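What follows is a short report on a single structure.
The values are calculated or read from the model by the stated rules, or taken from the named source; none is laboratory data. As the structure is a prediction and not an experimental result, all values here were calculated from the model. Because the Cβ atoms are built from the backbone with ideal geometry, glycine has one as well, and the counts that use them run over all protein chains shown. These area figures cover heavy atoms from the full protein model, side chains too; ligands, DNA and RNA do not enter into them. Shrake-Rupley method; radii C 1.70, N 1.55, O 1.52, S 1.80 Å.
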Amino acid sequence: MTKATPPGRKTAGRAWPPLRAELQLSGRPGGGLLIVDPVTGRKLGLDPLGAKVASQLKQSRTDSELGTTLGPGVPAAALQERLRFLNDQALLEGPRAVRLRRAYAQPSGGSADVLDLPFATEDGLRHACQACGSCCSATDVGPLPEPVVDAIMESDWSDELPGETKETLFRNVAPPGDSRSVWLTSMRNDQCVFLDEDRLCRVHRKLGVEKKPTPCKQFPYVFTRVGDRIDVGLQMECRAFDRAKAAAAPTREQGESLRELIRSGAPVHSVPAVLEFSPGILVGRDELDEVEQRLIAAVRGVAPSSGPGAILAAFTTIAGEFGRRVRQPIEDGDRALGLTSARSVATTGEFFEHLRAFLDEGADVAESRQLPHLARRFRSLSEALPLWELAFDPRIFRTIGPEPGELVADVLVAGLVGKEALRRGVSVELGLALLALKGVLMVVLAASRARSACRVHLVAQDLVDSMVLASKLLRERAMVDFLEDSAETVIQSFIHRIPEITRHAGPHAPSA
Ligand code: SF4
């Protein structure tokens, strides 16, 4: 990064690269500077000192040259702060500028109507509902548009739900003072009020599938627009997933029914052209696409009978390489400029202790808010966490057959195709680590279930139930916030240090 300074130049200190050539600079009232970045479209303002520094960086300058031209009155800390800002915002030539231009390199595309876009499906992700009713429990069903609620309430429910009204069968969760209505179905004993004793839907039986809320018709499908296609993913929260998968036709054969879901209002998320890989570091949608394909190939390339550990190792090997490829040049560049920022990273053991404390506190809060079922979910995971060092140890717990490995592979692939990181609002790198964390928590929870049933074998239902619990917990806002606050540790523990947990170096790790 730091070029050798030409002869005759004051060589003391670092050589600061020049401002990026394409930036448009203009004066601001009071002596500041406005920078317009044509690559990102950003407008950034600099204060008078920042403006002075920037005006000196039309070419590379050393520290001492800057010191001289800016004069003795400028405190070193103030100068450092402006230089770090210019660097961190990728306004200087160097690795950050290269990364930024790369992220914005591909055309944003995607102007076609969403109903005209082709579906992209992954063969391993398939589902045929087994009507077990589990998706009608432990979740919020909605938001539901008023006309959908009114259409259900047009029917007389007094025979099977006596004394119930619109306001008791549905909850309006619009913020206080908000004139709009945001309806969810009411939950009784942690399940939808319309779920009958036979685990079937009263709305479906009484009014037909058409009158069911869209989230119910859509589950478990997740639609995400990626430029000029729609990726069809699965929400891995079906307690009959293994049976539903076994009974299902390939998803690619269900194009018309999937399109009908979108026509009837199923949300289609959209991947922006540029995404945050980690704070201040961007990647292009095409780069994410490319690494997703490699991750899916790596995960599907491992024989499921090798077990969850080998699957996770193959996933994290690729995720780790991608992370290094994106981050390393920038970290090296910052280091060469003496701009490395200290990152607090805990050990994996410390992380699980912190997570346990968070879960116990979360359970207490949930109980205090009359949410016993959420409290139970937090406690189940908290009680299972001490098994993290044993769960992947084949001498302690054994997985039988391909199912456990295959299920962990399905969860990782579903998370990629369903763009979970995007839907959680977290960075790409943290999103990959959260997927690996989900895989780990599935096995740890399954080990806990096996242990409480006095078994050493993890059976498919252990993994399926643990998958549902881990998926539900990892989309709790409080949980996402906790994990985001521990991002560096989560990334180190569940991408770069995964062998510490899985005891598998990854027999199937493809070369970079
Ligand atoms: S409306 Fe029916 S399908 Fe939807 S959550 Fe309730 S019981 Fe389940």
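The Cα-based radius of gyration and maximum Cα-Cα distance (Dmax) for the stretch 64-133 are 25.5, 76 Å. Relative to the longest principal axis of the Cα atoms of the chain, the long axis of helix 308-336 lies at roughly 20 degrees. When only the Cβ of Lys, Arg, Asp and Glu is charged (+1, +1, -1, -1), the dipole of the stretch 15-93 relative to its Cα centre reaches about 180 debye. Counting only GluC sites (Glu not before Pro) that DSSP places in a loop and that have at most 14 other Cβ atoms within 10 Å, the longest clean stretch of the chain runs over 198-512.
So in the chain, what percent of DSSP beta bridges are antiparallel if you round to the nearest 5? The antiparallel fraction comes to roughly 80 percent.
Extending 7 Å from the Cα toward the beta-carbon at both GLU290 and ARG455 defines two label points whose distance is 4.4 nm.
For the stretch 415-478, carbon and sulfur atoms together expose 55% of the accessible surface, with a 1.4 angstrom probe and every protein chain in place. Placing +1 on the Cβ of each Lys and Arg and -1 on the Cβ of each Asp and Glu in the chain, which of VAL456, PRO143, GLY320 has its Cα farthest towards the positive end of the resulting dipole? Checking the options against the dipole of the chain, the answer is GLY320. Counting Cα-Cα pairs of the stretch 284-429 in 10 Å increments starting at 0 gives whole-percent bin shares of 10, 24, 35, 24, 7, 0. Charge dipole (Cα centre; +1 on Lys/Arg Cβ, -1 on Asp/Glu Cβ; no other charges) of the chain amounts to roughly 1540 debye. The alpha carbon convex hull volume per residue for the chain rounds to 190 Å³.
Using the Cβ of ALA51 as centre and a radius below 13 Å, the other residues enclosed give a net charge of +3, where K and R count +1 and D and E count -1.
At q = 0.13, 0.15, 0.23 Å⁻¹ the log10 of I(q)/I(0) for the stretch 130-219 amounts to -0.40, -0.53, -1.31, computed by Debye summation with a single uniform scatterer per C-alpha, solvent ignored. Of the accessible area of the stretch 15-93, computed with a 1.4 Å probe over protein heavy atoms only, carbon and sulfur atoms account for 58 percent. Between the helical axis of 285-300 and the longest alpha-carbon principal axis of the chain there is an angle of about 50 degrees.
Magnitude of the charge dipole for the stretch 159-303, about its Cα centre and with charges confined to Cβ atoms of Lys, Arg (+1) and Asp, Glu (-1), is about 320 debye. Summarised as an ellipsoid, the stretch 15-93 has semi-axes of 20, 14, 10 Å, derived from the eigenvalues of the Cα gyration tensor scaled by 5 and square-rooted, with the largest first. Accessible area per residue for the stretch 272-503, computed on protein heavy atoms with a 1.4 Å probe, is 37 Å². FRET efficiency for the ARG263 to ASP190 pair, using the beta carbon distance and R₀ = 35 Å, is estimated at 0.65. Candidates ALA363, ALA15, ALA433 compared by Cα position along the dipole of the chain: farthest toward the positive end lies ALA15, with charges placed on Cβ. With contacts taken as Cα pairs under 8 Å at a separation of at least 6 residues, the stretch 130-219 carries a relative contact order of 37 percent. Taking a Cβ cut-off of under 10 Å around LEU33, the surrounding Lys, Arg, Asp and Glu residues balance to a net charge of +1, with basic ones at +1 and acidic ones at -1. Placing unit charges on each Cβ (+1 for Lys and Arg, -1 for Asp and Glu) gives the stretch 192-311 a dipole about its Cα centre, and among GLY309, PRO279, LEU195 the Cα reaching farthest toward its positive end belongs to LEU195. Tally Lys and Arg at +1 and Asp and Glu at -1 over the other residues with C-beta under 9 Å from the C-beta of PRO18: what net charge comes out? Neighbourhood net charge equals +2. Over all distinct Cα-Cα pairs of the stretch 422-493, the Kirkwood formula returns a hydrodynamic radius of 12.9 Å.
What the stretch 15-93 shows is 45 Å² of accessible area per residue, with the surface traced by a 1.4 Å probe over protein heavy atoms.
Within the chain, CYS129, CYS132, CYS135, CYS201, CYS216, CYS238, CYS454 have no other Cys Cβ under 4.7 Å of their Cβ and so lack a disulfide-compatible partner by this rule. For the chain, the longest principal axis of the C-alpha atoms and the axis of helix 460-473 are separated by about 60°. Taking a ≥ b ≥ c as the square roots of the eigenvalues of the Cα gyration tensor, an a/c ratio of 1.5 or more together with a/b larger than b/c marks the stretch 39-190 as prolate. Normalising the average separation of contacting C-alpha pairs (under 8 angstrom, six or more residues apart) by the number of residues puts the relative contact order of the chain at 16 percent.
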